[in-house]
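Trainee: First, the structure itself, so that you have it in front of you.
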Amino acid sequence: KGWLFKWTNYLKGYQRRWFVLSNGLLSYYRTQAEMAHTCRGTINLSTAHIDTEDSCNIVLSNGGRTYHLKASSEVERQRWVTALELAKAKAIRMRNNQSDDSGDEEPASQSDKSELHGTLKTLSSKLEDLSTCNDLIAKHGAALQRSLSELENLKLPAESGEKIKAVNERATLFRITSNAMINACRDFLDLAETHSRKWQRALQYERELRIRLEETIEQLAKQHNSLERACRGAPGSAGSAGTTKGSVQSAKGEASDEDEETEYFDAMEDAPAFITVTADPKHHRRSGSNLSGASEGHPEDWNLEDSVFESSNQSSYNESCKDLPRKRRRSRIPDKPNYSLNLWSIMKNCIGKELSKIPMPVNFNEPLSMLQRLTEDLEYHELLDKAVKCESSTEQMCFVAAFSVSSYSTTVHRTAKPFNPLLGETYELDRLEELGFRSLCEQVSHHPPAAAHHVFSKRGWTLWQEITIASKFRGKYLSIMPLGAIHLEFHSSGNHYVWRKVTSTVHNIIVGKLWIDQSGEIEIVNHKSKDKCQLKFTPYSYFSRDVPRKVTGVVSDADGKAHYVMSGTWDEKMECSKIVQSSHGSASSEGKQKTVYQTLAPKVLWKKYPLPENAENMYFFSSLALTLNEPEERVAPTDSRLRPDQRLMESGRWDEANVEKQRLEEKQRAVRRRREAEAVEALEEGKDYEGYIPLWFERKVDPVTGELICVYKGGYWEAKDRQDWSSCPDIF
């Protein structure tokens, strides 16, 4: 497997794709992450013709399908051609073996048998290589002994003769050892042949068991879907008709190799593979003590002030600030109405379109805007308050990493879509007195939709970001790709952290229960100290032995030395284990050498708050989310709390909310048409037209990343104190 360039069309030319060669089939994907759910195309090598056009090109043709591929170098091209030729020969042998067989066993069993025989042939080949080496060793060993014997016959001092004799004995011992090695290999091959039938039976049994399990799960899924429709009162005929249409449309969508309009971002290819082993605390000592410490450590120093680590893990959002003077916040909203809706009738015309351009009824929404969802990332802000107290930058990185993961905890049940903010819409969350921070978001672009966010905390940190959401509906699933960097700076130390979000995928859009998954990698970089944290979000797989929603990572310093191991799940908790020793272990199945980290007992950095009572009827909102749309006085007239369609939906008046939503969208389209007309007029007059200018943010080149980003320019909170909102546009 590896990256090759594949010819797509005359507009885009060659595009980088991830190719996998397995069992005589060559498949390709846009990214490595797609291997879990979407194959873009496959070609069978047993009947394929392999040709080379020039030093880097490969042409594969099979019937009516042809792949034009290009490698990055001639050496890489030759490696692929060799692998393809070997795979083709193996595929032809497997096909012939199946056709010559009596047919008593299933084809899958024959495949296993062929693979087993292939393994035995490989072992035999390696044994022949070892035998050749043994012959060479024997030949050269005999020559060496003859030379040593000739030296013994020469008149040399007694001391030299003894040394030559010792060398002669060692040469003999070496030859005996090599013979023993060859004999051991031959015994191993005999044993493998003896047990081949036993292995074959075991493989066949496991395969049949897996097939039965898959069939059972499929039946259960169908029964569950039928029961769900019956409970909701949806007519069975309409549901089955929608399902049939969905399967036809999905099949049509998959018939094409790929949609060249889509942009995908590749996951990092060389994610560090590692194993952690908890060390015995009695065997590790260290002199000196302080809060942090990333060198080989005494476990008694691995306290990191447990009360600081775990103080907030025992309380909910409301309880965490109950002793502070604050306004009493609401703890519930009206229950979600039970409206039935034919999903497929709306979604069948949306396949392949940008989600933000699809007119959606509020039935698919939750009564929060995207700006409020961004603000919800601050639910576990106390992690950053604790990070301020850390003296070590690597220790501080652990808290920042836990904070970056905690923002996904609210998404596990939240499959509804937030409202797309209107251009110029804002959202403030002023919790300066209660929680120590105040947050401001503004929608700074409509197409593509982009939101700027700025948070200031009087407890010693500032966070800012500009997020653009790229999303595609694919018939079976919805991919949501947040683009843009998140910046976090600590005031006292000047440590500046930057990271990006992973891809979210909503599954079972048409049939079955909706569920959401996070996959990809986050690299957090401290641009002052150059510390890094690599976090990997493992995509969910039914047949995987890993814990669902697993997140793992390593915190390392500027020299690449690992100090902490991060582990946990994005929907429940994150733990941190201090590394006391690292070593290289055995190679993995992919040939990569795994690093073994010996760690002290893990400490819980973050644990998800329990959901409020009756959360399943309140859109699965957390305690903080329930307060985000609570009406407040003195906010800007562009604030999301004042958006009428969102307020009507929260009140359960969905029909009125849909009418109001259409009115607001038409009003926004009229403003956009007027702005486009002004741009054309300015162009005809030879004047510059600046377009929409954000009210509270301004575009600047970020000195750290070099990207153009919207940053807060000030003025909002001062305008709020004066209650001077004259500069705000009329968007509602």
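Trainee: Contact order normalised by length for the range 2-97, with contacts defined as Cα pairs under 8 Å and 6 or more residues apart; what percent is it?
Mentor: Relative contact order, the range 2-97: 24 percent.
Trainee: Search the structure for amide H atoms under 5 Å from the amide H of Phe473, placed 1.01 Å from N in the peptide plane, and list their residues when 5 or more places away or on another chain.
Mentor: Residues meeting the criterion, in which the H sits 1.01 Å from N, are Gly352, Lys353, Leu355.
Trainee: Something else about it: Just read off the accessible area of Arg30 with the full protein assembly in place, 1.4 Å probe, to the nearest 10 Å².
Mentor: Its heavy atoms expose roughly 10 Å² to the probe.
Trainee: Would you mind checking which residues have amide H under 5 Å from His563's amide H? H placed 1.01 Å from N; only 5 or more apart, or other chain.
Mentor: Val555, Ser556, Asp557
Trainee: While we're on this one: Amide H of Ser529: which non-local residues (sequence gap of 5 or more, or other chain) have their own amide H closer than 5 Å, using H built in the peptide plane?
Mentor: Placed amide hydrogens put His496 under 5 Å from Ser529.
Trainee: Please list, in order along the range 362-377, the HN-Hα scalar couplings obtained from phi with the Karplus expression 6.51 cos²θ - 1.76 cosθ + 1.60 (θ = phi - 60°), rounded to whole Hz, x for Gly and Pro.
Mentor: Residue by residue, the range 362-377 yields 5, 4, 8, 9, 10, x, 9, 8, 4, 5, 6, 5, 4, 5, 5, 4 Hz.
Trainee: Order Arg641, Arg95, Arg79 by their accessible area, 1.4 angstrom probe, all chains in place, largest first.
Mentor: Arg79, Arg95, Arg641
Trainee: Next question. Taking 45 Å as R0, compute the FRET efficiency from the Cβ-Cβ separation of Ser147 and Ser125 and round it to 0.05. Can you show the working numbers first?
Mentor: Values: r = 33 Å, r/R0 = 0.74.
My answer for the efficiency is 0.85.
Trainee: In whole Hz, with x marking every Gly and Pro, tabulate ³J(HN,Hα) for the range 706-714 from phi via Karplus 6.51 cos²θ - 1.76 cosθ + 1.60, θ = phi - 60°.
Mentor: Values per residue, Gly and Pro as x: x, 8, 7, 9, 7, 10, 5, 9, x Hz.
Trainee: Given a cut-off of 25 Å, name the pairs among Lys327/Lys573; Lys327/Lys720; Lys389/Lys561; Lys417/Lys603; Lys513/Lys608; Lys6/Lys532 whose C-alpha atoms lie farther apart than that in the structure shown.
Mentor: Check vs 25 Å cut-off fails for Lys327/Lys573; Lys417/Lys603; Lys6/Lys532.
Trainee: Cys39 accessible area, nearest 10 Å², 1.4 Å probe?
Mentor: So the heavy atoms of Cys39 present about 60 Å² to solvent.
Trainee: Multiplying the sequence separation of Ser331 and Asp546 by 0.36 nm and subtracting their Cα-Cα distance, what value in nm do you get?
Mentor: Taking 0.36 nm per residue and subtracting the Cα distance, the gain is 73.8 nm.
Trainee: So, taking all protein chains as they sit and a 1.4 Å probe, how much accessible area belongs to Thr569, in Å² rounded to tens?
Mentor: 20
Trainee: Calculate one ³J(HN,Hα) per residue across the range 598-610 by plugging θ = phi - 60° into the Karplus curve 6.51 cos²θ - 1.76 cosθ + 1.60, and present them in order as whole Hz with x for glycine and proline.
Mentor: 8, 10, 7, 4, x, 10, 6, 8, 9, 9, 5, 6, x
Trainee: Efficiency by 1/(1 + (r/R0)^6): what FRET value for Glu630 and Lys458, r their Cβ-Cβ distance, R0 = 22 Å, to the nearest 0.05? Walk me through the numbers before you get to the answer.
Mentor: Details: r = 23 Å, r/R0 = 1.03.
Efficiency, rounded to the nearest 0.05: 0.45.
The values are calculated or read from the model by the stated rules, or taken from the named source; none is laboratory data. Owing to the predicted nature of the structure, the values given are computational and were not obtained by experimental measurement. Using ideal geometry, Cβ is built from the backbone for each residue, glycine included, and neighbour counts are taken over all protein chains shown. With ligands, DNA and RNA removed, areas are computed over all heavy atoms of the protein, side chains included. Shrake-Rupley method; radii C 1.70, N 1.55, O 1.52, S 1.80 Å.
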